[in-house]
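Participant: If you scroll down you'll find the structure; I have some questions about it.
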Amino acid sequence: MDVVEVIRQRKSIRAFRPDPVPREVLSEIVELALRAPSWANTQPWELAVVAGAKLEAIKEALSKPDGAGSLPDFPGPEEFPEPYKVRFQNLAAGMSEAAKKGRRGKQVGEWYLQWPRLYGAPAVIYILIDRSFCEQRSGLNVYAVFDCGLLAQNIMLLAADRGLGTIVQAQAVHSPNVVRRILGIPDSKMILVGMAIGYPDWDHPINQFRSDREPAERVVEWYGFD
Ligand SMILES: Cc1cc2nc3c(=O)[nH]c(=O)nc-3n(C[C@H](O)[C@H](O)[C@H](O)COP(=O)(O)O)c2cc1C
């Protein structure tokens with residue numbers, strides 16, 4: 001696929017087939033994705049690619065009622081002032097509508113409970129940043145986080161190009177201590193996001209949903225173009 005096509009096609013996948021993704025495929029994706037730019041080429045990221053028994057242990061731990069055993073390393077937004085609130089609400093409404101459609105509509109409730117199991121994904125890629133670089137005297141090193149976003153998008157586009165689905169999941173890191181404990185990652189590594197990755201279950205109604213976007217004229221101002 002060319003880059004235009006892959007950008008058009010990529011979307012968050014919220015129902016995966018159980019088929020494992022071969023290590024070679026994941027390895028090629030992450031190696032290419034590491035070409036992402038970063039502040040002064042500092043490459044602030046480290047990746048933990050997880051599948052098999054380790055991933056199952058994480059899913060089990062997140063599924064327990066006390067799975068939220070620690071605060072996220074990176075707190076999410078506290079408030080959604082307009083226009084962000086309505087966008088958030090539109091997303092929730094659109095997803096729940098899509099999930100109700102089709103023969104499998106009654107699986108909606110069941111589907112929603114799948115988030116601690118990463119929507120059934122057979123692998124997850126965690127993006128880590130060393131605490132020494134991320135927590136600076138003046139506060140959070142936002143450019144390290146920004147750089148990791150560029151890496152994440154590379155991963156998602158490369159995955160889509162290979163017929164794989166992805167979703168960045170803040171939910172996957174709401175208990176970073178759980179992930180650190182199971183993978184033996186030291187506290188000095190902050191866990192930014194988890195990206196579930198696998199082959200999409202295209203028959204699942206939730207995957208029929210496509211999020212919308214503000215039109216460019218609402219969010220782009222042009223200067224000096226007479
Ligand atoms: C930082 C970040 C965190 C996200 N966390 C979650 C999450 O916890 N659960 C979820 O279902 N989707 C999550 N998403 C996916 C967004 O909801 C999704 O990207 C957005 O609705 C746009 O849809 P699209 O990715 O299909 O284009 C997250 C996305 C980002 C970038």
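Participant: Of all residues in the range 150-185, which are open to solvent by 40 Å² or more (accessible area, probe 1.4 Å), under 15 Å from the mean Cα position of the chain (by Cα) and modelled with pLDDT of 95 or more?
Facilitator: Selection gives L150, Q153, N154, V168.
Participant: Can you spot a residue in the range 199-220 that is more than 16 Å from the ligand (Cβ to nearest atom), at pLDDT below 95, in a loop (DSSP other than H, G, I, E, B) and not basic (K, R)?
Facilitator: So far as the range 199-220 goes, yes, one or more of its residues are more than 16 Å from the ligand (Cβ to nearest atom), at pLDDT below 95, in a loop (DSSP other than H, G, I, E, B) and not basic (K, R).
Residue-wise test of (1) open to solvent by less than 10 Å² (accessible area, probe 1.4 Å); (2) more than 10 Å from the ligand (Cβ to nearest atom); (3) of a type in the set (D, E).
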position	(1), (2), (3)
L118	yes, no, no
G139	no, yes, no
F146	no, yes, no
D187	no, yes, yes
L192	no, no, no
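Participant: Sticking with this one: Looking only at the range 110-122, decide whether some residue is more than 19 Å from the chain's Cα centre (by Cα) and among the basic types (K, R).
Facilitator: Checking the range 110-122: not a single residue is more than 19 Å from the chain's Cα centre (by Cα) and among the basic types (K, R).
Participant: Scan (1) farther than 28 Å from K64 by Cβ; (2) exposed (fewer than 13 other Cβ atoms within 10 Å of the Cβ); (3) without any contact (Cβ under 8 Å) to a residue 12 or more places away in the chain for the single condition S211 breaks and write down its number.
Facilitator: Condition not satisfied by S211: (3).
Participant: Just checking: which of the helices (runs of 4 or more DSSP H) contained wholly in the range 1-87 hold 2 or more residues that are closer than 17 Å to G198 by Cβ?
Facilitator: 23-33, 52-63
Participant: Which residues, counting only those in the range 186-226, are among the polar types (S, T, N, Q) and within 17 Å of the chain's Cα centre (by Cα)?
Facilitator: N207, S211
The values are calculated or read from the model by the stated rules, or taken from the named source; none is laboratory data. In this text the structure is predicted, and so the values were computed from the model without any measurement. Cβ coordinates were reconstructed from backbone atoms using ideal geometry, including for glycine residues, and neighbour counts include every protein chain displayed. Please note that ligands, DNA and RNA were not included when accessible areas were found on the heavy atoms of the full protein model with its side chains. Shrake-Rupley method; radii C 1.70, N 1.55, O 1.52, S 1.80 Å.
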